[in-house]
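Asker: One structure coming up, written as structure tokens, with questions to follow.
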Amino acid sequence: HGHMFEGNNFLCTKLLPAESVKKLRFREDIYRDEDTLFGWQALRTVPSVTFADRPLLHYVQSEESATRGKFRRSQLSATKVIPLVEDFLSSEYPQWLNKWRTNYMQLMVMLYMDMFLDEEEFPQEQRMIYDTFSVMYKKVGFFKISSMKNKLKFLFFKISPRLFGVFHKSIHRL
């Protein structure tokens, strides 16, 4: 099951036996990362996993997908995934918990930046994302973040998300 972190943990990169997942359902109240949650739940139903290190699928994302284009408040539903996956990983795969939290902190930074780069203001939503990020940052701890790039990015974001946004925006204009 360790392949969930190899490359990505998106459901579209998994081939699952229909019999194993036919009783599972996507959460209709989650619009962002519902596939990740489904994938973790599916892990409980399959007896073994095989990783194929070759492309078997051509995946196309539309500009209208939940992860593209302008920020939409429905993207905040990704925060509903956090306690569910944390409970699952804590009980079944504690060795992956910090890796998953680090990946999710990256998502929180991306959501914040999506809001920051839009012309509309989202102060309450940005606060919610920053608070969620901060809780995860505290749980992981600076020294357990594996890459120096993420250590510096997360520290900068933690200190000042707005300044991080201005810096990020200026770099991408170059």
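The values are calculated or read from the model by the stated rules, or taken from the named source; none is laboratory data. Quantities reported herein were computed from a predicted structural model and do not represent experimental measurements. Cβ: placed from backbone, ideal geometry, glycine included. Neighbour counts: every protein chain shown. With ligands, DNA and RNA removed, areas are computed over all heavy atoms of the protein, side chains included. Shrake-Rupley method; radii C 1.70, N 1.55, O 1.52, S 1.80 Å.
Asker: Can you name every residue in the stretch 115-174 that is aliphatic (A, V, I, L, M) and surrounded by 15 or more Cβ atoms within 10 Å (Cβ to Cβ)?
Answerer: If the condition is that a residue be aliphatic (A, V, I, L, M) and surrounded by 15 or more Cβ atoms within 10 Å (Cβ to Cβ), then MET115, MET128, ILE129, MET136, VAL140, ILE145 are the ones that fit.
Asker: Checking SER65 against (1) closer than 26 Å to LEU43 by Cα; (2) open to solvent by less than 40 Å² (accessible area, probe 1.4 Å); (3) at pLDDT 85 or above, which single condition isn't satisfied?
Answerer: (3)
Asker: A further question follows. Yes or no: SER48 loosely packed, with under 10 Cβ neighbours inside 10 Å, over 28 Å from LYS144 (Cα atoms), of a type in the set (Gly, Ala, Ser) and at pLDDT 70 or above?
Answerer: Working: loosely packed, with under 10 Cβ neighbours inside 10 Å: yes; over 28 Å from LYS144 (Cα atoms): yes; of a type in the set (Gly, Ala, Ser): yes; at pLDDT 70 or above: yes.
Judged against the criteria, SER48 is a match.
Asker: I'd like to check something: does the stretch 167-174 contain any residue that is of a type in the set (Ser, Thr, Tyr) and either assigned to a loop (DSSP other than H, G, I, E, B) or under 18 Å from the mean Cα position of the chain (by Cα) (or both)?
Answerer: No: the stretch 167-174 contains no residue that is of a type in the set (Ser, Thr, Tyr) and either assigned to a loop (DSSP other than H, G, I, E, B) or under 18 Å from the mean Cα position of the chain (by Cα) (or both).
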